[in-house]
């Protein structure tokens, strides 16, 4: 018998702990009933910890899938280790939402906000892939029929909604803006204040107010040391890929290449 509280004893983040405990409960059902179970959609930080917890169940296998190889938000599928899962076995709902957005730019926030306004929980929604006049959104399969009849607008724009399959998925090219900065140290507050263009004290307040995530993990310590090739998310400021460059300036400052996600 597995002690689930012992498995999550190391986790301090209470929200994360709840999600891992839910996954453990699903794993127990999968083991007992010899069936496939799945989590809700999780971000990469949550996926990492859920998969680690699943290693305690030797009779089970688990893998994360979000509808396409580069998906950010994924479900973890938990199943007996004698099974082999294909993509088609990992059930997801996929909708294409189309409208005439020529005179009204529609962003990720608009699409997500319209879905949430219908009472849909965030964990039911995976990635949202945005194109000029449409988006493709990955969802828990159990809410697809509801959205097909209930989703009529994105903002002020009327939309058409249809169900699509994995073969219809298109992945847009990611766009970035290159920014080059120098900082006195790789402390999180130093980097956040520089990339957001705010005083260091304000950068510290953003961090202490739980508005900053590093590789999707909430970080509330201004002195946290930022590593190379990480993703920093600052609420209301955006997402930034951090690449620490070789060498320093003549004044000993660290050179950093920042890729702002557009």
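Residues that are farther than 28 Å from residue 119 by Cα: find the strands (runs of 3 or more DSSP E) completely inside segment 151-262 holding 3 or more of those.
In segment 151-262, the matching strands (runs of 3 or more DSSP E) lie at 176-183, 230-234, 238-248, 254-261.
Could we say that residue 64 is free of Cβ contacts under 8 Å to residues at least 24 places away in the same chain, surrounded by 16 or more Cβ atoms within 10 Å (Cβ to Cβ), within 16 Å of the chain's Cα centre (by Cα) and under 30 Å from residue 9 (Cα atoms) here?
yes
Within segment 22-37, work out how many residues are within 20 Å of the chain's Cα centre (by Cα) and crowded, with 16+ Cβ neighbours inside 10 Å. Let's see the steps before the verdict.
Just the residues of segment 22-37 that are within 20 Å of the chain's Cα centre (by Cα), to begin with: 22-23.
With the extra rule that they be crowded, with 16+ Cβ neighbours inside 10 Å, the set shrinks to 23.
Residues that pass the stated criteria total 1.
Take the residues of segment 118-130 that are in contact (Cβ under 8 Å) with a residue 24 or more places away in the chain and under 22 Å from residue 87 (Cβ atoms): which is surrounded by the most Cβ atoms within 10 Å (Cβ to Cβ)?
My answer is 126.
If the Cβ limit is 7 Å and pairs must be 6+ apart or interchain, which residue in segment 246-262 that is exposed (fewer than 13 other Cβ atoms within 10 Å of the Cβ) pairs with which residue that is part of a loop (DSSP other than H, G, I, E, B)?
Pairs that qualify, where the first residue is exposed (fewer than 13 other Cβ atoms within 10 Å of the Cβ) and the partner is part of a loop (DSSP other than H, G, I, E, B), are 262/175.
How many residues does segment 133-160 hold that are surrounded by fewer than 18 Cβ atoms within 10 Å (Cβ to Cβ) and in contact with a helix residue (DSSP H, G or I) (Cβ under 6 Å, 6 or more places away or on another chain)?
Final tally of qualifying residues: 1.
Please find, within segment 122-140, the residue that is nearest to the chain's Cα centre (by Cα) out of those that are closer than 14 Å to residue 67 by Cα and outside any strand (DSSP E or B).
Filtering first and then ranking leaves 124.
Could you count how many residues in segment 89-117 are surrounded by fewer than 17 Cβ atoms within 10 Å (Cβ to Cβ) and closer than 15 Å to residue 40 by Cα?
1
Read through the list (1) under 30 Å from residue 24 (Cα atoms); (2) surrounded by fewer than 19 Cβ atoms within 10 Å (Cβ to Cβ); (3) over 20 Å from the mean Cα position of the chain (by Cα), then give the number of the only condition that residue 69 fails.
If we test residue 69 against (1) under 30 Å from residue 24 (Cα atoms); (2) surrounded by fewer than 19 Cβ atoms within 10 Å (Cβ to Cβ); (3) over 20 Å from the mean Cα position of the chain (by Cα), just (3) comes out false.
Could you say whether any residue in segment 209-227 is loosely packed, with under 11 Cβ neighbours inside 10 Å, out of contact with any strand residue (DSSP E or B) (no Cβ under 8 Å at 6 or more places or on another chain) and at pLDDT 95 or above?
yes
The values are calculated or read from the model by the stated rules, or taken from the named source; none is laboratory data. Just so it is clear, the model here is predicted, and its values are computed rather than measured. For neighbour counting, all protein chains shown are included, and Cβ atoms are generated from backbone atoms with ideal geometry for every residue, glycine included.
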